[in-house]
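Input: a single structure, listed below in structure tokens.
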Amino acid sequence: MVEMGGQVLNRVIDFITGLPDSPAIGIADPEATTALVREMLAPPPEHPGELATLLDRLDRAAGCAYETAGPGYFAYIPGGGLYTSLLGDLYARAVNRYVGLAALAPPLAALEQSVVRWLAQQVVGLPEGSGGLLTSGGSMANFSAVVAARHAHLGEEIEAGTLYVGEHAHQSVLKAARLAGLRAAHVRTVPSTPELRMDVAAAAEMIEADRRAGRRPFLIVGSAGTTNTGTIDPLPELAALAAAEQLWFHVDGAYGGLFRLTERGRQRLAGMELADSVTLDPHKTMFLPYGTGALVVRDPGRLAAAHQVGGHYLQDLNPDDEVPDFAHLGAELSRELRGLRVWLPLHLHGVAAFRDALDEKLDLAERAWRVLSAVEALELPWQPELSTVAFRVRARGEDPAAQREADEAGRRLLERINASGRILISSTLVDGRYTLRLCVVSHRSHADRVDEAVKIITTAATQR
Ligand SMILES: *Cc1c(COP(=O)(O)O)cnc(C)c1O
């Protein structure tokens, strides 16, 4: 075991120490990639293989990828993958404890509950008695939130159920609505103000109109940091509207929610504590490996009411007050002990380390925004509220033709930036305009790489 473990650990350490010099995209030659894909599609052999040979193959396969773990990854919403989280996972996978039902491993279920409570009460600011569960990601958290809201407000009469999402809501919210059996036509897209925030007055009007038409409004979903630009919806006003209209208020904080650990985040994300439910994604803004999301709710009883079905094969187990049966709060029964990969880093590094790291990301985004704002060829219409810097090529006129030309120039700009091999950024459409975005989240991205990114972008932007 030591020998095999050592082989794997040595590779992992080589991988991590090599990250600063790894290319931002390791996919070079399409033919070589196709060959590798073919090789990896091969079925398992009848007879035993050799670990070192298999690890060689894995290294080649892992190298042929976007470098999502490295310091130059600023595309989409980055996720780094803390080494100490991996150690927690290693331990969790070895003891293989079952925490879906608390009675099978009470203290380890309590460990996971301590993480959930910390997220619900310390990070989001929900009251005592609040809770929730760790999920595989933000999508599953949004799904269970929509199911809980549907069950609480509509029961089984879901036909007329209607929900309200912002123009810039994440697609997983729309997927959640579909999976929850709601009609696509009843997912109302509320327009945004010019600052890209959900227009609360427009939402109120839509709710009124829907009620008059016999539909049943039951849920408002606000964004605590949109994926496009990191913009925060007016959460206190949305909470007030939801309360006045007796709707469930869900906040999608998959990207932004954890910034509440910082002072600036707490101010900018005020109102999140008024939600009925909040999605968080520790695999983004807590730097943990993929597969770690969270749904926290004001009243875990409503989550259980929506998900718990029973089953006579579970009859020997007693419910415990302090530590819930996570299996009854979400869609999954058997799953890994997810809590340890959050708990170990928190206890090893302390909460302050996470607060400082997130503060650093806010500083870095501000710094990138300041420098890029001075670049003549670019325009940055939105000052970052979190750690996403959105920019586009300045159009040489107000007319649509000039904008189209600028959008084309933006596409070429993205290619030139990513051709550097040192950083990777991504693009989106905002108000129909091609927009580039640099999102600083990885724990491995520091001032040196952000300064390098800004230099690469500035140089590329001067060549049109
Ligand atoms: C990433 C993201 C999601 C989806 O979360 P996954 O962990 O990718 O399933 C939902 N909402 C927002 C705002 C996100 O950024």
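The values are calculated or read from the model by the stated rules, or taken from the named source; none is laboratory data. Please read all numbers here as calculations on a predicted model, not as lab measurements. For neighbour counting, all protein chains shown are included, and Cβ atoms are generated from backbone atoms with ideal geometry for every residue, glycine included. To get the accessible areas, we keep the full protein, side chains included, count just its heavy atoms, and leave off ligands, DNA and RNA. Shrake-Rupley method; radii C 1.70, N 1.55, O 1.52, S 1.80 Å.
Please state, to two decimals, what the Cα-based radius of gyration of segment 330-419 comes to when divided by 2.2 N^0.38 Å (N = residues).
1.68
For a test of the definition: using alpha carbon positions, the gyration tensor, and the 1.5 limit on a/c, classify segment 395-464 as rounded, prolate or oblate.
Details: a/c = 2.72, a/b = 1.89, b/c = 1.44.
Because a/c hits 1.5 or more and a/b exceeds b/c, segment 395-464 counts as prolate.
Relative contact order of segment 1-91, please, whole-number percent, based on alpha carbon pairs below 8 angstrom and at least 6 residues apart. Each step should come with its number before you reach the end.
Details: 43 pairs, mean separation 35.3, N = 91.
For segment 1-91, the relative contact order is 39 percent.
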Inset, instruction - Would you compute, for the Cα atoms of segment 1-134, the largest minus smallest coordinate along each principal axis and list the three values in descending order, in whole Å? - result: 56, 40, 26
Legend entry - Estimated translational D of segment 132-178 in µm²/s (Stokes, Kirkwood radius over Cα pairs; 37 °C; 0.692 mPa s): 287 µm²/s
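What 222 nm value per residue comes from the helices of the chain, counting each DSSP H run with n ≥ 4 as -39,500 (n - 2.57) and dividing by all residues, nearest 500 deg cm²/dmol?
Result for the chain, helices only: -14000 deg cm²/dmol.
Which peptide among 364-374, 23-33 comes first, and what is the full order, when sorted by highest mean count of other Cβ atoms within 10 Å? Mind dumping the intermediate values first?
Numbers: 364-374: 17.9, 23-33: 13.5.
With the highest mean Cβ count within 10 Å placed first, the list reads 364-374, 23-33.
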Inset, instruction - Grab every C-alpha pair in segment 185-239, bin the distances at 10 angstrom width from 0 up to the longest one, and report whole percents. - result: 23, 53, 22, 2
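Among the GluC sites (Glu not before Pro) within segment 61-151, which fall in a DSSP loop and have no more than 14 other Cβ atoms within 10 Å of their own Cβ? Before the final figure, lay out the partial values.
Working: sites: Glu67, Glu112, Glu128; in loops: Glu67, Glu128.
Those that pass, being in a loop and sparsely packed, are Glu128.
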Inset, instruction - Determine the per residue accessible area of the chain with all protein chains present and a 1.4 angstrom probe, expressed in square angstrom. - result: 46 Å²
Inset, instruction - Could you check the simple spin-label distance between Ile27 and Leu348, using points 7 Å along Cα→Cβ, in nm with one decimal? - result: 3.1 nm
Legend entry - Charge dipole of the chain about the Cα centre (unit charges at C-beta), most positive-ward option of Ser172, Leu378, Val12: Leu378
Legend entry - Inter-label distance for Val2 and Arg411, nm, one decimal - labels placed 7 Å from Cα along Cα-to-Cβ: 5.9 nm
Legend entry - Arg38 versus Val309: modelled label distance in nm, points set 7 Å from Cα along the beta carbon direction: 4.4 nm
Inset, instruction - Provide the solvent-accessible area of Met140, counting protein heavy atoms only and rolling a 1.4 Å probe, rounded to the nearest 10 Å². - result: 60 Å²
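Residues with beta-carbon under 14 Å from that of Glu376, excluding Glu376: net charge, scoring Lys, Arg +1 and Asp, Glu -1? Walk me through the numbers before you get to the answer.
Numbers: positive: Arg392, Arg394, Arg396, Arg464; negative: Glu379.
The answer is +3.
What number does the chain give for Rg over Rh if you use C-alpha atoms and the Kirkwood radius?
Result for the chain is an Rg/Rh of 0.98.
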Inset, instruction - Of the options Gly256, Leu274, Leu238, report the single residue whose Cα projects farthest towards the positive end of the charge dipole of segment 194-347 (beta-carbon charges: Lys, Arg +1; Asp, Glu -1). - result: Gly256
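Looking at the calculated P(r) for segment 107-159, what percent of the C-alpha pair distances fall above 11 Å? List each step's numbers first, then the result.
Numbers: 1011 of 1378 pairs.
It works out to 73 percent of all Cα pairs.
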Inset, instruction - Please report, in debye to the nearest 20, how large the charge dipole of segment 11-129 is about its Cα centre when each Lys and Arg carries +1 at its beta carbon and each Asp and Glu carries -1 there. - result: 440 debye
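I need to check one value: relative contact order of the chain, counting alpha carbon pairs closer than 8 Å and at least 6 residues apart, in percent.
Values: 862 pairs, mean separation 100.6, N = 464.
Once normalised by length, the contact order is 22 percent.
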Legend entry - Net length gained if the chain between Arg264 and Glu156 were fully extended (0.36 nm per residue, minus Cα distance): 34.7 nm
Inset, instruction - Measure off, as a whole percent, the carbon and sulfur share of the 1.4 Å-probe accessible area of the chain, all protein chains present. - result: 55 percent
Legend entry - segment 212-366: C-alpha pair distances exceeding 29 Å, %: 29 percent
Inset, instruction - Run the dipole for segment 180-274 about the Cα centre, Lys and Arg Cβ at +1, Asp and Glu Cβ at -1, nothing else charged, and hand back the magnitude in debye, nearest 20. - result: 220 debye
Inset, instruction - Over all alpha-carbon pairs of segment 141-275, lay out the pair-distance distribution in 5 Å bins, whole %, shortest bin first. - result: 2, 11, 23, 25, 21, 12, 5, 2, 0
Inset, instruction - Report, in debye and to the nearest 20, how large the dipole of the chain comes out about its Cα centre when Lys and Arg carry +1 and Asp and Glu carry -1 on their Cβ. - result: 600 debye
Inset, instruction - Please work out how much length the chain gains when fully extended from Glu205 to Glu379, using 0.36 nm per residue of separation minus the C-alpha to C-alpha distance, in nm with one decimal. - result: 59.3 nm
